[in-house]
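What follows draws every value from the coordinates through simple rules; no lab data is involved. What you see is a predicted model, and the numbers here were worked out from it, not measured in a lab. A quick note on method: Cβ atoms are made from the backbone with ideal geometry, for glycine too, and the neighbour counts reach across all protein chains shown.
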Amino acid sequence: MPTFDSILVTGNQTINQDLQVNGNQTVGVDLNVNGSQTITGSLQINTSSSIVNHLGVGGVIEAGDSVKAATQLMALNQPTLPLSLPVLQQLRYYNPGVAGQPGLVLTGTAGNQYILFVDESSGTPHLAIQPV
């Protein structure tokens with residue numbers, strides 16, 4: 001396998017098998033990987049990125065706009081219950097009306113999309129849901 005100290009690609013780059021980066025990777029335009037991609041350092045993408053199969057991240061994903069998943073966006077760690085006793089709360093349902101409401105977008109069983117967020121307007125946090 002050829003080894004290079006640096007590679008400069010001024011257009012698009014398509015890799016038909018695997019890409020392994022032992023340091024950091026910065027993508028200015030498009031990078032298409034048809035196999036697997038492993039990066040031991042950091043990955044910075046200045047425009048957009050599409051991943052067809054799997055992206056494994058051992059740390060944190062930060063996005064300036066949106067992180068979209070075709071099926072599920074999940075945390076793999078199991079939650080830990082606090083030491084205090086749970087307080088009975090209600091789920092608050094809001095009709096559509098706030099465009100661009102921040103929150104977690106989930107698709108219901110009928111295909112409708114909902115935004116899940118925390119409503120603290122009463123001073124007590126309540127889980128709230130609103131159709132998109």
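Of the residues ASN95, ASN32, ASN24, ASN46, which is without any contact (Cβ under 8 Å) to a residue 40 or more places away in the chain, over 30 Å from ILE129 (Cα atoms) and exposed (fewer than 11 other Cβ atoms within 10 Å of the Cβ)?
Values: ASN95 fails: over 30 Å from ILE129 (Cα atoms); ASN32 fails: exposed (fewer than 11 other Cβ atoms within 10 Å of the Cβ); ASN24 fails: exposed (fewer than 11 other Cβ atoms within 10 Å of the Cβ).
After ruling out the rest, the residue left standing is ASN46.
Quick one: GLN90 ticks every box in (1) surrounded by 10 or more Cβ atoms within 10 Å (Cβ to Cβ); (2) at negative phi; (3) in contact (Cβ under 8 Å) with a residue 12 or more places away in the chain except a single one, so which number is it?
That leaves (1) as the condition not met.
Considering the stretch 83-130 alone, what residues qualify as being in contact with a Ser or Thr (Cβ under 9 Å, 6 or more places away or on another chain) and in a loop (DSSP other than H, G, I, E, B)?
Matches in the stretch 83-130: VAL87, GLN89.
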